[in-house]
Amino acid sequence: MGNKWSSEQLAWKIRRHGIEMTHLSGGSHIGAIMSVADIIAVLYSDVIKYKEDEPRWDERDRFILSKGHAGASIYAALAEVGFFDVDELKTHYQNGSRLSGHVSHHLPGVDFSTGSLGHGLSAGVGMAYALKKDEKENKVYVVLGDGECDEGSVWEAALFANHFRLNNLVAIIDYNHMQSLDFNENTLELNDLGEKWKAFGWNVVEINGNSHDELKVAFKQAEDNSKKSNHKPTVIIANTIKGYGISFMQNDVLWHYRFPHSGWEYDSAVNELHANMPEGVEDIYTPEGIQNPILPTENDDVCNDHTFTHTWNTSYPEKMRRVEAVPGSSAREYKI
Amino acid sequence: MRDTFVKTLVDMAKEDKNIELITGDLGFGVLKPFWEQVPNQFTNAGIAEQNMTTVAAGMALEGKTVFTYSIGNFPTLRCLEQIRNDCAYHKANVKIVCVGGGFVYGSLGMSHQATEDLAILRALPDVVVMAPGDLVEAEEATKAIAKYQGTCYLRLGRGGEKRIHNCIEDFQIGKAIKVHEGAEVAIFSTGGIFEEVQEAYEVLVKQGYQPAVYTFPTVKPIDKELIENVAREFQLIVTCEEHNIVGGFGSAVAEVMAEMIDKKAVLLRIGINDEYSIRVGNQKYLRERYNVDGSSIVKKIKERVF
């Protein structure tokens, strides 16, 4: 375990790499990469046991990014802590690269490939179950998306994990409230998410998932829970904001798929990160930020509503748009 | 066949503590010998095959050899993507076991009839597909997949199958087994339909013919070398399977023959004619109704040759 970077430094680097990787490749899911960056950073700076020069080290903790579409976030973290060369990040999505858009285990430091949602928790459950059977001490961490919780298999895994008292398992839900086309609330209501997990028998910790302090406390609590007599698995409901860290991406579903294009999008994203750069990190792409950046004009599509759900099925006798974004902010307005 | 499987697995599991069996809440009675004799290697995952299959992959990646067990299409089609992404892609040591290949659960209806499984599993890279034809093949196949490093599919019958082979020397994954010498016609069989093929063989012999008979306990990797040798020597190759005619065993044989430049044989594929069963009936009845029973096999062969 390197402790090469503080969690704040690592989170910043994940975000900076994420912007560059999606910018260069035209890759999707920058919003998800931004929302999950703090979770990944805290895990790899303060929580997970690993040896970067021995990826299959038997005593390592297991980590699965079940929301595999945020692959760039874990690739960036693994490169930064030393599993492979940071330069390789630039090959993301490219012909012949090892860095597929969704997470691949053909890369040192990755225990399990994902990309189809609803698989990762079951895999983590299987690992945790086998480890517990063999009386090993390793922990298993699985990061899921909230939209991913639409998948029934997540709840099959949740039942199994509780039934077999997998207190060596920690699930973290990146609860950014947004999925591919709209908010969760306007897609399939996931309300009372913590209560759902509680009903499935889990220990539930609800926090602000973009706060490193709260994440660290939550992981400590998960560690404590693993020693409690109820032996239950723990889920951390990490309330996050999609696109967190780049104000014009926040809470705007456009940035689920859109990548930062050359011009104001890339320039503004890089400079906003530079404005919040922690001590002791370098930006290998634009060391000084961008001088004379291109700025958005009145004609550019900034902080607008890009959801369409409310235009569908308007004759249906129920109100289906249950939440709206507050333009230009990370707040949501509940309509029902 | 399922009892042979369980007995063989119990013997192996006693020797190897890394062998685990997970069921999707099925196997009342059948799996009892396993949970009685090796209780610490048995898990019921509940009625949740997607989770069961990926849990097996996760356990396998921690060093276990994990058998998943259910009936019909539940351990395969229900969780196909879990087999593809989580087991096969990771080369995970998961052995997927289906009891009830073909029309075994005929009277239970179409939902319980596994009649496309070979085609679908065969299409996945890094999955060995096995369909033993009698109790001896079932035992040998169970041992072989337990030793094999990687993902396998084992399609079993149910119960009451016969021992047709006395013993099999040097059983290997990917190798067909010669049952009867013959000339002109060679019958290839996979899975439980072997008993119908055997019946057809006896009728044909009584009528003065001498077809060769081979069983293929492995559908993938297919025994290409043997198919090529037989296709050079014989006039007609007949494939028999209790499975849809599209994509399964007959198709695997056809793929080999289609690319040969020096074959003599033509191919006759016998299987279910690309339809679902809409009638209730036991296995024997449905085999007759869908023309894959012994007398249908005789009739189809005679139409083509004699």
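Chain A: longest stretch without exposed chymotrypsin sites (Phe, Trp or Tyr not before Pro) (DSSP loop, at most 16 other Cβ within 10 Å), sites themselves excluded?
Numbers: sites that count: A:57, A:285, A:308, A:312.
Segment A:58-284 is the longest.
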Subject >> Convex hull projection area averaged over all views, chain A, Cα basis, nm² >> reply: 17.4 nm²
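Kindly flag which residue pairs out of A:4/A:136; A:132/B:95; A:232/B:147 have an alpha-carbon separation exceeding 24 Å in this structure. Kindly include the intermediate steps, with their values, before the conclusion.
Working: A:4/A:136 27 Å; A:132/B:95 21 Å; A:232/B:147 35 Å.
Correct reply: A:4/A:136; A:232/B:147.
Roughly how many debye, to the nearest 20, is the charge dipole of the range A:7-239 about its Cα centre, given +1 on each Lys and Arg Cβ, -1 on each Asp and Glu Cβ, and no other charges? List each step's numbers first, then the result.
Numbers: 23 positive and 34 negative charges, 108 e Å.
Charge dipole of the range A:7-239: 520 debye, to the nearest 20.
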Original post:
Could you give the dipole magnitude of the range A:32-127 about its Cα centre, charging the beta-carbon of Lys and Arg +1 and that of Asp and Glu -1, in debye to the nearest 20?
Top reply: 360 debye
Original post:
What is the gain in length, in nm to one decimal, between residue B:291 and residue B:254 on full extension, counting 0.36 nm per residue of separation less the C-alpha to C-alpha distance?
Top reply: 11.3 nm
Original post:
Label 7 Å along Cα→Cβ of residue B:112; the range B:246-280 residues with amide nitrogen under 13 Å?
Top reply: B:280
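How much of the DSSP beta bridge set in the range A:7-239 is antiparallel, as a percent to the nearest 5? It would help to have the intermediate numbers written out before the result.
On the way: 1 of 23 bridges.
Percentage antiparallel, nearest 5: 5.
Go ahead and run the numbers for FRET between residue A:4 and residue B:225, Cβ-Cβ distance against an R0 of 45 Å, rounding to 0.05.
Numbers: r = 55 Å, r/R0 = 1.21.
The calculated FRET efficiency here is 0.25.
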Original post:
Which whole number of Å³ per residue matches the convex hull of the alpha-carbon atoms in the protein assembly as shown?
Top reply: 185 Å³
Subject >> Share, in percent, of DSSP beta bridges within the protein assembly as shown that are antiparallel, nearest 5 >> reply: 15 percent
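If we count every other residue with Cβ under 11 angstrom of residue B:18's Cβ, Lys/Arg +1 and Asp/Glu -1, where does the sum land?
Working: positive: A:133, B:17, B:64; negative: A:134, B:15, B:16, B:20, B:62.
Taking every other residue near residue B:18 into account, the sum is -2.
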Original post:
How far, in degrees from 0 to 90, does helix B:194-206 lean away from the longest principal axis of the Cα atoms of chain B, to the nearest 10?
Top reply: 20 degrees
Subject >> Proximal lysines to residue B:300, defined as alpha-carbon separation beneath 17 angstrom and excluding residues fewer than eight positions away on the same chain >> reply: B:206
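I'd like the antiparallel share, as a percent to the nearest 5, of DSSP beta bridges with both residues in the range B:2-156. List each step's numbers first, then the result.
Numbers: 1 of 25 bridges.
Taking every DSSP beta bridge with both residues in the range B:2-156, the antiparallel ones total about 5 percent.
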Original post:
Which pairs break 24 Å Cα to Cα here: A:242/A:335; A:139/B:14; B:264/B:299?
Top reply: A:139/B:14
Subject >> Positive-pole candidate from A:309, A:291, A:266, dipole of the range A:256-330, charges at beta carbon >> reply: A:309
Subject >> Distance between the range A:26-66 and the range B:61-76 - C-alpha centres, whole angstrom >> reply: 29 Å
Subject >> For the range A:170-202 and the range A:237-288, distance of Cα centres in Å >> reply: 25 Å
Original post:
For residue A:56 and residue A:261 in one chain, what is 0.36 nm times their gap in residues minus the Cα-Cα distance, to one decimal in nm?
Top reply: 70.0 nm
Original post:
What spacing in nm lies between the two simple spin-label points modelled at residue B:205 and residue B:184, each 7 Å away from Cα in the Cβ direction?
Top reply: 1.7 nm
Original post:
In nm², what is the average projected area of the convex hull enclosing the Cα atoms of the range A:1-94?
Top reply: 5.5 nm²
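With n ≥ 4 as the cut-off for DSSP H runs, can you work out [θ] at 222 nm for chain A, using -39500 (n - 2.57) per run divided by the number of residues, rounded to the nearest 500?
On the way: 9 runs with 106 residues, N = 336.
Theoretical 222 nm ellipticity from helices: -9500 deg cm²/dmol.
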Subject >> Farthest toward positive dipole pole in the range A:7-239 [+1 Lys/Arg, -1 Asp/Glu at C-beta], among A:113, A:12, A:93 >> reply: A:113
Original post:
If you build a Gaussian network model of chain A, linking Cα atoms that sit under 10 Å apart, which residue out of A:262, A:122, A:247 swings the most?
Top reply: A:262
Subject >> Shielding score for B:228-237, defined as the mean number of other chain Cβ atoms within 10 Å >> reply: 0
Subject >> Rounded to the nearest 20 debye, dipole of the protein assembly as shown from Cβ charges on Lys, Arg, Asp, Glu >> reply: 2080 debye
Original post:
Between the range B:246-277 and the range A:99-117, what is the C-alpha centre distance in whole Å?
Top reply: 37 Å
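What pairs from A:67/A:228; A:13/A:90; B:220/B:263 go past 25 Å between their alpha carbons?
A:67/A:228
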Subject >> Net length gained if the chain between residue B:143 and residue B:16 were fully extended (0.36 nm per residue, minus Cα distance) >> reply: 44.5 nm
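Readers should treat all values here as calculations from the given coordinates under stated rules, not as data from a laboratory. The structure presented is a predicted model; accordingly, all values stated were derived computationally and were not measured. In this analysis, Cβ positions are derived from the backbone assuming ideal geometry, glycine residues included, and neighbour counts consider all displayed protein chains.
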